[in-house]
Amino acid sequence: MPNDDQRAAEIQKWEDAYALTHNGERPPAGSYPPISNVNVITSTGSMNKLAILALVFSIIGSVVGIVLGHVARSQIRRTGESGAGLALAAIIIGWIGVGIIVIFYATLLR
């Protein structure tokens, strides 16, 4: 982030540019220039491969996806890799699949 002096200089440049493009008028009170140094969150780690596999297997075979999802989440916590959302999605989708299978067989056995 820029310090106060840098920000003040940036605002002055913006006000001058505004005046040039608006026939010498100053910007309206309360309007601010865009902040140029926006903090962008970037992923520093690589994607956990097991989390990707967990998501795929949770769609194909629920139980395998659940197990891989839990293993992937534990690896992600330990290593700091990205992919925690994929692993969690794999676990949730896997349990939904198990629920659907249980309901299917429960209705079949009546």
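Search region 96-110 for residues that are surrounded by 11 or more Cβ atoms within 10 Å (Cβ to Cβ) and pair each with any residue that is at pLDDT below 90 when their beta-carbon atoms are under 7 Å apart and the residues are at least 6 apart or on different chains. So the pair list comes out as Gly97/Ser62; Val98/Ser62; Ile101/Ser62. A single entry from Gly97, Gly30, Gly61 fulfils the requirement of being modelled with pLDDT under 95 and on the phi > 0 side of the Ramachandran plot: Gly30. Among the residues making up region 7-16, those that are modelled with pLDDT under 80 and either aliphatic (A, V, I, L, M) or open to solvent by 70 Å² or more (accessible area, probe 1.4 Å) (or both) are Ala8, Ile11.
The values are calculated or read from the model by the stated rules, or taken from the named source; none is laboratory data. The structure presented is a predicted model; accordingly, all values stated were derived computationally and were not measured. Note that each Cβ is placed from the backbone with ideal geometry, even for glycine, and that neighbours are counted across all protein chains shown. Accessible surface is based on the protein model in full, side chains and every heavy atom, while ligands, DNA and RNA are left aside. Shrake-Rupley method; radii C 1.70, N 1.55, O 1.52, S 1.80 Å.
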